[in-house]
Amino acid sequence: MERYRRRLETLQQAMLREGVDVYLAATQVNMQYLSGFSEPPLERLMFLLVSQQGEPVWFTPTLSATSTATNPAGWQTRYVWHDSDGPSRALEACTRDYDLETATIAVDDEMPAAFLLRLQEALPAALFRAGGELMGSVRAVKDAEELRCMREAARLTDDALASGLERCMEGYSEWAVAIAIQRALFDMGSKLAFGIPLVASGEMSAMPHHTTSQRALQKGDIVVIDFGGVYEGYCSDITRVACVGRASDEARAVYEIVYEAHMRARETAKPGAPAREVDRAARAVIEKAGYGDYFVHRTGHGIGLSVHEPPYLAQTYDGILEVGHCFTIEPGIYLPGKFGVRIENVYTVTERGCESLNAEPPMQIREIE
């Protein structure tokens with residue numbers, strides 16, 4: 001209970017600074033973060049309402065009222081509506097109680113459009129704002145319990161990787177590698193943090209967001225594996241590279257460049273460092289080696305209850321790194337028609353600098369005979 005009260009206080013202070021009267025948490029991750037309870041957003045209007053003062057309250061359909069009433073934080077279920085009536089009367093009561101007609105209301109960036117449109121229709125004079133940046137700043141600094149979950153998610157991810165690497169051989173498909181990883185995670189009581197594991201082989205490895213296919217692995221293929229596991233809602237995300245048999249000299253050289261870029265970024269990440277400087281450190285190594293045009297994405301992203309959240313290691317992000325921030329470092333080089341290389345670990349900022357939550361990536365490309 002105390003954990004949720006601390007989070008509530010931090011959010012309310014941020015709302016006061018930003019001039020937000022009410023925050024509506026309508027996504028699984030923010031419901032969980034603020035109350036310990038979450039439910040997938042379906043077609044029925046549901047949210048946890050947070051005002052600048054006082055305790056949050058639930059607005060929920062009857063079907064979910066019993067569940068929200070048992071939320072670990074103990075927040076009251078106040079506004080309940082039945083399918084026979086619809087949410088209008090409950091919303092009118094909520095509007096009166098919290099003076100929502102002319103309020104500044106922040107909502108989750110991922111709130112279903114149907115929910116937001118209904119609220120805007122009911123409250124035409126209210127000012128609605130995207131709340132992602134606001135909530136992101138609150139969730140970015142992880143406490144000791146969150147870090148424990150992040151470390152365990154990383155361990156499970158590391159352990160599951162071995163099952164995929166065992167199948168990076170001729171005769172197996174990208175899909176077979178992905179399924180082996182998924183099965184290993186499930187057997188350990190975890191699950192996938194996002195979709196099916198990304199397994200990209202041969203020329204497909206030069207596509208950062210390749211869709212895992214039935215393509216058979218061939219001798220000499222570079223194989224990029226990107227996936228993450230979950231522990232108590234907290235996510236991990238890693239990328240490893242292997243070669244089916246002996247790697248070419250070019251692939252070995254590119255891997256070593258990406259590895260160096262990864263390490264330079266890691267050395268730069270410390271308390272007080274601008275997030276964009278971490279991106280710049282990785283990019284400088286790759287540009288110096290002549291591959292700048294082939295590093296086509298940011299160096300990393302924050303991670304926690306969501307796979308992608310602040311802080312972002314990018315030139316367009318103005319944030320400063322703080323103790324407790326968690327993020328990926330994942331520079332890459334992608335050579336169209338040839339192969340790609342990306343190395344990704346999850347890190348957390350400590351008083352001393354930057355700590356990897358994953359096992360160390362190999363210094364040379366892994367060759368699997």
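Every listed requirement among (1) in contact with an Asp or Glu (Cβ under 6 Å, 6 or more places away or on another chain); (2) modelled with pLDDT under 95; (3) hydrophobic (A, V, I, L, M, F, W, C) is met by LEU42 save one, (1). Among the residues of the range 322-332, the one identified as closer than 16 Å to ALA265 by Cα and surrounded by fewer than 23 Cβ atoms within 10 Å (Cβ to Cβ) is GLU322.
Residue pairs whose Cβ atoms lie under 6 Å apart, separated by 6 or more positions or on different chains, with the first residue in the range 353-364 and touching a residue at least 12 places away in the same chain (Cβ under 8 Å) and the second β-branched (Val, Ile, Thr) and part of a strand (DSSP E or B), are LEU357/VAL346; ASN358/ILE238; ASN358/VAL346. Whether any residue in the range 37-50 is in contact with a strand residue (DSSP E or B) (Cβ under 9 Å, 6 or more places away or on another chain) and among the hydroxyl-bearing types (Ser, Thr, Tyr) is what I want to check. Looking through the range 37-50, none of the residues is in contact with a strand residue (DSSP E or B) (Cβ under 9 Å, 6 or more places away or on another chain) and among the hydroxyl-bearing types (Ser, Thr, Tyr). I need the full set of residues from the range 110-124 which are surrounded by 13 or more Cβ atoms within 10 Å (Cβ to Cβ) and assigned to a loop (DSSP other than H, G, I, E, B), in order please. Of everything in the range 110-124, those that are surrounded by 13 or more Cβ atoms within 10 Å (Cβ to Cβ) and assigned to a loop (DSSP other than H, G, I, E, B) turn out to be GLU110, MET111, PRO112, LEU123. Residues in the range 204-227 that are in contact with a Leu (Cβ under 7 Å, 6 or more places away or on another chain) and farther than 22 Å from ALA153 by Cβ were compared, and the one that is surrounded by the fewest Cβ atoms within 10 Å (Cβ to Cβ) is HIS210. The helices (runs of 4 or more DSSP H) found wholly in the range 125-223 and carrying at least 2 residues that are closer than 27 Å to LEU49 by Cα occupy 132-139, 144-165. Against the criterion of being assigned by TED's automatic domain parsing to the domain that holds VAL346, over 19 Å from the mean Cα position of the chain (by Cα) and either in contact (Cβ under 8 Å) with a residue 12 or more places away in the chain or surrounded by 17 or more Cβ atoms within 10 Å (Cβ to Cβ) (or both), VAL230 does not qualify.
In the range 168-203, what residues are polar (S, T, N, Q) and over 14 Å from ALA216 (Cβ atoms)? Show your work before the answer.
From the range 168-203, those polar (S, T, N, Q) are 173, 182, 190, 201; that's our starting set.
Of everything in the range 168-203, those that are polar (S, T, N, Q) and over 14 Å from ALA216 (Cβ atoms) turn out to be GLN182, SER190.
Scanning the range 88-136 for residues that are touching a Gly at 6+ places or on another chain (Cβ under 7 Å), under 17 Å from LEU45 (Cβ atoms) and among the hydroxyl-bearing types (Ser, Thr, Tyr) turns up nothing. Filtering the range 90-106 to residues that are within 17 Å of MET15 (Cβ to Cβ) and among the β-branched types (Val, Ile, Thr) leaves THR102, THR104, ILE105. Residues being of a type in the set (Lys, Arg) and either buried (at least 22 other Cβ atoms within 10 Å of the Cβ) or within 17 Å of HIS209 (Cβ to Cβ) (or both) are entirely absent from the range 352-365.
Tally the residues that are acidic (Asp, Glu), closer than 20 Å to VAL341 by Cβ and either under 24 Å from the mean Cα position of the chain (by Cα) or not assigned by TED's automatic domain parsing to the domain that holds CYS149 (or both), restricting the search to the range 175-215. Selection size over the range 175-215: 0. I'm checking my understanding of the structure. Among residues of the range 84-104 that are at pLDDT 95 or above and charged (D, E, K, R), which one is surrounded by the fewest Cβ atoms within 10 Å (Cβ to Cβ)? Looking at the filtered set, the residue picked out is ARG96.
For the range 97-117, the candidate set comprises residues that are within 33 Å of the chain's Cα centre (by Cα) and free of Cβ contacts under 8 Å to residues at least 40 places away in the same chain; within that set, the residue that is farthest from GLU309 (Cα to Cα) is LEU117. If you filter the range 233-259 down to residues that are more than 26 Å from the chain's Cα centre (by Cα) and among the acidic types (Asp, Glu), you find that the one that is farthest from ARG139 (Cα to Cα) is ASP249. Taken together, the criteria exclude ARG7 from residues that are at pLDDT below 95, under 23 Å from LEU305 (Cβ atoms), under 25 Å from the mean Cα position of the chain (by Cα) and not hydrophobic (A, V, I, L, M, F, W, C).
Of the helices (runs of 4 or more DSSP H) entirely within the range 1-96, those holding at least 2 residues that are closer than 14 Å to PHE115 by Cβ and without any contact (Cβ under 8 Å) to a residue 60 or more places away in the chain occupy 28-35.
Criterion first (over 23 Å from CYS235 (Cβ atoms) and crowded, with 19+ Cβ neighbours inside 10 Å) does LEU49 satisfy it? In short, yes.
The values are calculated or read from the model by the stated rules, or taken from the named source; none is laboratory data. None of the values given here were measured: they were computed from a predicted structure. So basically every Cβ, Gly included, is an ideal-geometry build from the backbone, and we count neighbours across all protein chains shown.
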